[in-house]
């Protein structure tokens, strides 16, 4: 068993609570459920096909209680859990991230019964038919999963709706794509649905790569219909471009961000911002979140050139009653700038109110980043206010906002 001593850190407005090293296997995406008063965190892994189960009832003493291994030569990065059901994405691992094109792995979506949280039972699998499989998905319980899926004959991922009422026999009920994705269109841009879709009622909000923000009417699940699209252009964002879109329905806003890809920011500017959808047929970007600034005395003048990726990656997704909900706060990982928290009460003037930056790893556990620096990846905030986040070469950090930081 490896040490559970947390890496040293610098921070403002955030206090450390706990840390788990995951037996030296760095974590990636996160999901959570509560069963019999125990809080279970599901953690995928960056460099191997593994899903770990942590009991985080006491986040100061997280306990590894189970794991799912395999399939071989497959990226099992994506996980969702609700209604005691795990939805696990399977996709090809890029060669630059340790994949071997001569050893293709599995693909698609696996469905598990998580009634026994530490020992899930595999129920069924849906396959796309394309080796790239699926990327990020949306599942908050019930019978439908909203999937970012590869499909033969299309460039990039498209949006697919699955019915898992019978999890042993998932059925595709609807799909949607941009016309530019049809084979032979030849736009040159990377038009691909990154996902997840974020579903609110009969609307789905999609981060669609270079296609921008897409809002769909899904009142008829068999025939999603375009409501509007907001493109951000080549001057903003990486090859992935728009990564995440999370609606705040009460405020008629959507929180959006790109994903930084190139190390030392050798690509167009990546941003996180706020889109006004008071008129959902005419979405408009009203602000961008401020750029993280190094702490006084840091041995680098900015995060852009310090090594590794710098820019936004994952937001906290407030899916389900077991997770933290707020129309006033935004939690986001910024790769080599760690975890950042924003007060978004004024949509036109978001401001950073807290941050937490673990010290750089001392042990390389994967092929990236080229310069061994912190790379904070995913973030999840539970309904108790505990913030969990991961790193390419660290385990799982548990932290909390310091007293007095939360806006009133």
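Every residue, every condition in (1) at pLDDT 95 or above; (2) under 30 Å from residue 38 (Cβ atoms), yes or no:
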residue	(1), (2)
322	yes, yes
334	yes, no
345	yes, no
349	yes, no
368	no, no
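A quick yes/no check of all residues on (1) modelled with pLDDT under 95; (2) surrounded by fewer than 22 Cβ atoms within 10 Å (Cβ to Cβ):
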| position | (1), (2) |
| --- | --- |
| 46 | yes, no |
| 63 | no, yes |
| 80 | no, no |
| 101 | yes, yes |
| 118 | no, yes |
| 121 | no, yes |
| 124 | no, yes |
| 132 | yes, yes |
| 139 | no, no |
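Would you confirm whether any residue within segment 324-346 is touching a strand residue (DSSP E or B) at 6+ places or on another chain (Cβ under 6 Å), surrounded by fewer than 21 Cβ atoms within 10 Å (Cβ to Cβ) and closer than 17 Å to residue 398 by Cα?
Yes.
How many of the residues in segment 23-51 are more than 20 Å from residue 97 (Cα to Cα) and under 19 Å from the mean Cα position of the chain (by Cα)?
Total satisfying the criteria: 6.
Quick check on segment 124-134. Is at least one of its residues in contact with a strand residue (DSSP E or B) (Cβ under 7 Å, 6 or more places away or on another chain), part of a loop (DSSP other than H, G, I, E, B), under 18 Å from residue 245 (Cβ atoms) and touching a residue at least 40 places away in the same chain (Cβ under 8 Å)?
No: segment 124-134 contains no residue that is in contact with a strand residue (DSSP E or B) (Cβ under 7 Å, 6 or more places away or on another chain), part of a loop (DSSP other than H, G, I, E, B), under 18 Å from residue 245 (Cβ atoms) and touching a residue at least 40 places away in the same chain (Cβ under 8 Å).
Name, by its number, the condition in (1) in a strand (DSSP E or B); (2) within 28 Å of residue 398 (Cβ to Cβ); (3) in contact (Cβ under 8 Å) with a residue 60 or more places away in the chain that does not hold for residue 109.
If we test residue 109 against (1) in a strand (DSSP E or B); (2) within 28 Å of residue 398 (Cβ to Cβ); (3) in contact (Cβ under 8 Å) with a residue 60 or more places away in the chain, just (2) comes out false.
Per-residue answers, yes or no, for (1) crowded, with 22+ Cβ neighbours inside 10 Å; (2) free of Cβ contacts under 8 Å to residues at least 24 places away in the same chain; (3) over 22 Å from residue 77 (Cβ atoms):
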site	(1), (2), (3)
354	yes, no, yes
364	no, no, no
367	no, no, no
374	yes, no, no
388	yes, no, no
396	yes, no, no
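Select from segment 376-386 the residues that are within 17 Å of the chain's Cα centre (by Cα) and either surrounded by fewer than 18 Cβ atoms within 10 Å (Cβ to Cβ) or more than 15 Å from residue 27 (Cβ to Cβ) (or both) and list them in ascending order.
Scanning segment 376-386 gives 381, 382.
Kindly list the number of the only condition in (1) touching a strand residue (DSSP E or B) at 6+ places or on another chain (Cβ under 9 Å); (2) surrounded by fewer than 21 Cβ atoms within 10 Å (Cβ to Cβ); (3) farther than 19 Å from residue 374 by Cα; (4) touching a residue at least 24 places away in the same chain (Cβ under 8 Å) that fails for residue 11.
(3)
Only one of (1) surrounded by 15 or more Cβ atoms within 10 Å (Cβ to Cβ); (2) closer than 16 Å to residue 271 by Cβ; (3) out of contact with any helix residue (DSSP H, G or I) (no Cβ under 8 Å at 6 or more places or on another chain) is not met by residue 310, so which one is it?
(3)
The values are calculated or read from the model by the stated rules, or taken from the named source; none is laboratory data. Keep in mind it's a predicted model, so treat the numbers as computed, not measured. Reconstructed Cβ throughout: ideal geometry from the backbone, glycine too, with neighbour counts over all protein chains shown.
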